[in-house]
1. Would you mind stating whether D50 is acidic (D, E), open to solvent by 50 Å² or more (accessible area, probe 1.4 Å) and more than 29 Å from R10 (Cα to Cα)?
2. If I ask for residues that are without any contact (Cβ under 8 Å) to a residue 12 or more places away in the chain and not in a loop (DSSP other than H, G, I, E, B), which ones from region 26-46 would you list?
3. Quick one: I3 ticks every box in (1) at pLDDT 95 or above; (2) open to solvent by 40 Å² or more (accessible area, probe 1.4 Å) except a single one, so which number is it?
4. If V12 meets every condition in (1) open to solvent by less than 70 Å² (accessible area, probe 1.4 Å); (2) within 17 Å of G75 (Cβ to Cβ) apart from one, which number is that one?
5. Has region 35-42 got any residue that is in contact with a His (Cβ under 6 Å, 6 or more places away or on another chain) and surrounded by 15 or more Cβ atoms within 10 Å (Cβ to Cβ)?
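The values are calculated or read from the model by the stated rules, or taken from the named source; none is laboratory data. Computed from a predicted structure; not experimentally measured. Ideal geometry is used to build each Cβ from the backbone, glycine not excepted, and the neighbour counts take in all protein chains shown. Note: accessible area is taken over every heavy atom of the protein model, side chains too, but ligands, DNA and RNA are not part of it. Shrake-Rupley method; radii C 1.70, N 1.55, O 1.52, S 1.80 Å.
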Amino acid sequence: HRINYIAYGRLVARGSVAQVIADAGLATYTVTTDRPGVVARHLAAAPGVDQVAPFGTTLHVTGTDRAALEAALQGAGVAWQPAETSLEDVFIRLMDQSQDNMA
């Protein structure tokens, strides 16, 4: 099975789910904290962090530079662990990178 992601009328990704995830090149970590809003704002401004997305009671923190991402996480003073990048992580990233050409 193959999927296609279209944003604002433009094809931004296509392939199997595994291909789309692999092609995104994202490293993903989950962060557990009782201050998700504060931590999300701090991490979003850190070098190496491309996106921070809430997933239930955790944050998914992703980036394309694993070393820089891990350095940002170490400096945040929170519990974190590596995670599998999900299709939803990729979708959020693709939408963040897409420009609305409809407005």
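1. Values: acidic (D, E): yes; open to solvent by 50 Å² or more (accessible area, probe 1.4 Å): yes; more than 29 Å from R10 (Cα to Cα): no.
Judged against the criteria, D50 is not a match.
2. G37, V38, R41, A44
3. (1)
4. For V12, the exception is condition (2).
5. Filtering region 35-42 down to residues in contact with a His (Cβ under 6 Å, 6 or more places away or on another chain) leaves none.
Within region 35-42, not a single residue is in contact with a His (Cβ under 6 Å, 6 or more places away or on another chain) and surrounded by 15 or more Cβ atoms within 10 Å (Cβ to Cβ).
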